[in-house]
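K.L.:
Let me begin by handing over the structure; questions about it come next.
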Amino acid sequence: MTVPMSVQENIRSLDAQGIAGREIARRLGVSRDAVVKYIRQHDYSPKPPTLVPRPAGSVLTGFEATIELWLGEDQRRPRKQRHTAQRVFDRLVAEETYTGSYSPVQRFVRKWNAQ
């Protein structure tokens with residue numbers, strides 16, 4: 001059973017005044033175990049989740065050089081004639097036997113254009 005925050009605050013304030021745990025439990029009507037628990041607890045903030053890195057490797061492994069070549073050649077072309085992420089994906093499927101989805105291609109093109 002959890003103790004309401006107001007009671008937890010009372011436990012900490014009475015403990016700060018030097019009152020014994022048994023006396024705190026008697027005054028507030030909670031168990032001595034609860035008093036000990038909330039006296040020892042210092043940080044009430046939830047711990048942030050730890051980020052787990054994704055496994056290395058991608059379905060694009062082996063195709064990066066081809067995509068970079070296409071995008072590099074596009075730098076000399078007018079803006080309207082450059083490859084979009086969709087066009088890169090279509091060419092990979094048609095010419096390079098790419099079997100992955102569109103999303104990794106889109107992310108790669110976005111990163112490449114940002115650099």
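The values are calculated or read from the model by the stated rules, or taken from the named source; none is laboratory data. Since we're looking at a predicted model, the values are computed, not measured. Glycine also receives a Cβ, built like all others from the backbone with ideal geometry; neighbour counts cover every protein chain displayed. Ligands, DNA and RNA are excluded from the accessible area calculation, which covers all protein heavy atoms including side chains. Shrake-Rupley method; radii C 1.70, N 1.55, O 1.52, S 1.80 Å.
K.L.:
On average, how much accessible surface per residue is there in the chain, in Å², for a 1.4 Å probe, leaving out ligands, DNA and RNA? Walk me through the intermediate numbers first.
P.N.:
Values: 8880 Å² over 115 residues.
The answer is 77 Å² per residue.
K.L.:
Let me ask something else. Restricting attention to segment 20-115, which trypsin sites (Lys or Arg not before Pro) occupy a DSSP loop and are surrounded by at most 12 other Cβ atoms within 10 Å?
P.N.:
When the trypsin sites (Lys or Arg not before Pro) of segment 20-115 are filtered for loop state and at most 12 Cβ neighbours within 10 Å, R76 remain.
K.L.:
For segment 1-63, which chymotrypsin sites (Phe, Trp or Tyr not before Pro) are in a loop by DSSP, counting at most 15 other Cβ atoms within 10 Å?
P.N.:
Sites meeting the loop and neighbour criteria: Y44.
K.L.:
If one computes the Cα centroid of segment 58-86 and of segment 1-29, what distance in Å separates the two points?
P.N.:
Cα centroid of segment 58-86 versus Cα centroid of segment 1-29: 66 Å apart.
K.L.:
Relative to the present Cα-Cα distance, how much length would full extension add between V52 and A20 at 0.36 nm per residue of separation? Before the final figure, lay out each step's value.
P.N.:
Details: separation 32, 0.36 × 32 = 11.52 nm, distance 4.38 nm.
Length gained, V52 through A20: 7.1 nm.
K.L.:
Test of understanding: in a Gaussian network model of the chain with alpha carbons linked when under 10 Å, which of S13, S101, S58 would top the mean-square fluctuation ranking?
P.N.:
Most flexible of the set in this elastic network: S13.
K.L.:
Same structure, new question: Mind listing which GluC sites (Glu not before Pro) in segment 3-96 are in a DSSP loop and have 16 or fewer other Cβ atoms within 10 Å? Let's see the in-between values first.
P.N.:
Values: sites: E9, E23, E64, E68, E73, E95, E96; in loops: E96.
Passing both the DSSP loop test and the Cβ count: E96.
K.L.:
Here's something else I'd like to know. With a 1.4 Å probe and all protein chains left in place, how much of the accessible area of the chain comes from carbon and sulfur atoms, in whole percent?
P.N.:
Of all accessible area on the chain, carbon and sulfur atoms account for 52 percent.
K.L.:
Can you compute log10 of I(q)/I(0) for segment 1-110 with the Debye formula, treating each Cα as one identical point scatterer, at q = 0.11, 0.20 Å⁻¹?
P.N.:
For segment 1-110 at q = 0.11, 0.20 Å⁻¹, log10 I(q)/I(0) is -0.53, -0.98.
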